[in-house]
Structure formats: structure tokens, C-alpha cells
Amino acid sequence: MRPRRRRRIALWTCSLGAGLGALALFAGFLIFVGALARHERAPSDRADGIVALTGGAQRIGDAIDLLAGGYGRRLLITGVNERTSRDEIARLNPTQRALIACCVDLDYRARNTIGNAIETRRWMRAHRFSTVAVVTSNYHMPRTLIELDHALQDSDRVLPHPVVTEAFDADRWWHDPPAARLLASEYMKFLVSWVRTRFEADPERSRAAILIGRGKPVKMVAEPLMMRGVD
């Protein structure tokens, strides 16, 4: 076979492989988007605790409502900004001040979703919880469940409570460039998380998690700040 013909065949084979790969990636994206929750529903059962991941609208408010409704005994808000105090959260939820004072724990250490899962595990072990209701945005829930499934024990149970906002319409994402970019980014992060968790034993010892997050998934914070967070 002539060298030029071999090059054409190799090029055609590579192009076909790339095209099939792109098609499979796009098909997976459509499945990912199609599986997102469109409506909010209360958890199917009560849990020992509730965990809310910061970073999206309504997450904390929904989690506090679940706590007030008796769906869990305590609430962990994980990934809280170091400048956000318990008083500020109470100010934004004035009808639940007493509940926030007694039954809400604030985590300032988690840097990302991997850190959220690590801090959730630590919190559940500290309180001897075996079931947890998880509150995060609907587009973020698939990756959150992967990280929690990886971090928690097989006997632990996770009840997802996806938050659905009017500002984000998963059914019309192609008409909204910011929503399309958000979904595409979240889908790629989901795939990376799925692959990473297949090959590592523990997220707290994961070199890949450090590379992905450009730092350790959890960080140390000043002692006075931590004391404010758990009072």
C-alpha cells in the first residue's frame, strides 16, 4: 500500500473515531440534561440530618425549610464563605432564628464539591448519622451524588432534594446561552468526577482532587472563625 494511501486511511479512521466520540459525548449530555429534576419534591423519607451545599440560589432557604418541617434533626451548611456569619444567615431567614441557633452547623472548610462530600462524611460520623437529605441545585445534584457515594459508607443513605429555580429552565437550555454553558460545564465535571472516583480509594488522599480543585478539597480556617461557626 502506498504511503499516501495509508495516510489517507489513517486520517479517515481518526476522523471517524473523533466524530463517533463527539456524538457519544453529545448523546450523554442529552441524557444528563434529560435526567435533571424539573420540579421540587420533599424527600421521600425523613433523614437523620440535612446537608445544604452553598453556591446556588434557594439552597440554604430550602434546607432550613426542610429542617423546620422535621425532615432532619440537624442541618449542615457546607462550603460557607468565611465572611458569612450565622447572624447573616439568620437575618436572611428571620422566622427561623431559634432553629438556626440550635440546630444548624456551618462548615467553612470545603473548597469544592469533593470537599463538601468530605465534610459531610465527617459531620455524619460526628453525629452518628446514617441517613442524610442533600440539598443542592438540580444541575449540580448528579455530581454531588457521585462524590457522596464515593465518600460515604455503603450503609449510609442519601436522600436527594434538588432545588429548581425559575431562573434556570432545563427544558429550554438551547435558547439560553448562559444556561447551556452552565450545563455543558457541569456535564464535563460530572464525567471527570465519575472517572476519578473509579480509580481512587479516598477523596481525602486524592492527588487528582488536588489537581482538579487547584488545592486541597478542604482547608484550615482560623480557630475563632470555627468557634463562631459551631456555637
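Going through segment 155-172 one residue at a time, which ones are buried (at least 20 other Cβ atoms within 10 Å of the Cβ) and not hydrophobic (A, V, I, L, M, F, W, C)?
His161, Pro162
Which residue out of Arg172, Arg143, Arg157, Arg111 is basic (Lys, Arg), at pLDDT below 95 and within 27 Å of His39 (Cα to Cα)?
From the options Arg172, Arg143, Arg157, Arg111, the qualifying one is Arg172.
Matching residues to (1) surrounded by fewer than 20 Cβ atoms within 10 Å (Cβ to Cβ); (2) within 21 Å of the chain's Cα centre (by Cα):
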{"site": "Ser85", "(1), (2)": "yes, no"}
{"site": "Ala90", "(1), (2)": "yes, no"}
{"site": "Ile114", "(1), (2)": "no, yes"}
{"site": "Arg125", "(1), (2)": "yes, yes"}
{"site": "Phe129", "(1), (2)": "no, yes"}
{"site": "Glu147", "(1), (2)": "no, yes"}
{"site": "Gln153", "(1), (2)": "yes, yes"}
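On the basis of being touching a Phe, Trp or Tyr at 6+ places or on another chain (Cβ under 6 Å) and either closer than 30 Å to Ala170 by Cα or in a loop (DSSP other than H, G, I, E, B) (or both), does Glu40 make the cut?
no
For Ala184, state whether it is of a type outside the set (Lys, Arg) and assigned to a loop (DSSP other than H, G, I, E, B).
no
So, Leu106, is that one of a type in the set (A, V, I, L, M), under 14 Å from Thr54 (Cβ atoms), touching a residue at least 40 places away in the same chain (Cβ under 8 Å) and touching a Phe, Trp or Tyr at 6+ places or on another chain (Cβ under 6 Å) or not?
no
Looking at segment 131-145, which of its residues are among the polar types (S, T, N, Q) and either open to solvent by 40 Å² or more (accessible area, probe 1.4 Å) or under 24 Å from Pro178 (Cβ atoms) (or both)?
Result: Thr136, Ser137, Asn138, Thr144.
Against the definition (surrounded by 12 or more Cβ atoms within 10 Å (Cβ to Cβ), closer than 23 Å to Arg128 by Cβ, in contact (Cβ under 8 Å) with a residue 40 or more places away in the chain and under 22 Å from the mean Cα position of the chain (by Cα)), how does Gly55 come out, yes or no?
No.
Go through (1) under 26 Å from Ala180 (Cα atoms); (2) modelled with pLDDT of 85 or more for Thr78 and report which single condition fails.
(1) is the only condition that Thr78 fails.
Among Val163, Val158, Val135, which is farther than 21 Å from Ser185 by Cα and in contact with a strand residue (DSSP E or B) (Cβ under 6 Å, 6 or more places away or on another chain)?
Of Val163, Val158, Val135, the one residue that is farther than 21 Å from Ser185 by Cα and in contact with a strand residue (DSSP E or B) (Cβ under 6 Å, 6 or more places away or on another chain) is Val158.
Filtering segment 196-223 down to residues that are under 16 Å from the mean Cα position of the chain (by Cα) and open to solvent by less than 70 Å² (accessible area, probe 1.4 Å), which residue is farthest from Gly21 (Cα to Cα)? Don't jump to the end; show me each part of the working.
The first filter runs over segment 196-223 and keeps only residues under 16 Å from the mean Cα position of the chain (by Cα), leaving 196-197, 203, 209, 212-213, 217-218.
Now narrow it down to the ones that are open to solvent by less than 70 Å² (accessible area, probe 1.4 Å): 196-197, 203, 209, 213, 217-218.
On the way: Arg196: 19, Thr197: 22, Pro203: 29, Ala209: 25, Gly213: 26, Pro217: 31, Val218: 35 Å.
Result: Val218.
For (1) at pLDDT below 90; (2) assigned to a helix (DSSP H, G or I); (3) touching a helix residue (DSSP H, G or I) at 6+ places or on another chain (Cβ under 6 Å); (4) over 29 Å from Glu186 (Cα atoms), each residue gets a yes or a no:
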| site | (1), (2), (3), (4) |
| --- | --- |
| Ile9 | yes, yes, no, yes |
| Leu20 | yes, yes, no, no |
| Gly28 | no, yes, no, no |
| Ile50 | no, no, yes, no |
| Gly61 | no, yes, no, no |
| Asp65 | no, yes, no, no |
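Restricting to segment 65-91, what's the tally of residues that are under 26 Å from Met220 (Cα atoms) and either touching a residue at least 60 places away in the same chain (Cβ under 8 Å) or not acidic (Asp, Glu) (or both)? Talk me through it step by step, then tell me what you get.
Start the filter on segment 65-91 by keeping residues that are under 26 Å from Met220 (Cα atoms), which leaves 74-90.
Restricting the remaining residues to those that are either touching a residue at least 60 places away in the same chain (Cβ under 8 Å) or not acidic (Asp, Glu) (or both) gives 74-86, 89-90.
Here the count works out to 15.
The values are calculated or read from the model by the stated rules, or taken from the named source; none is laboratory data. Keep in mind the model is a prediction, meaning the values are calculated, not measured. Positions of Cβ are generated from backbone atoms using ideal geometry, with glycine treated the same way; all protein chains shown enter the neighbour counts. These accessible areas exclude ligands, DNA and RNA; they are computed on the full protein's heavy atoms, side chains included. Shrake-Rupley method; radii C 1.70, N 1.55, O 1.52, S 1.80 Å.
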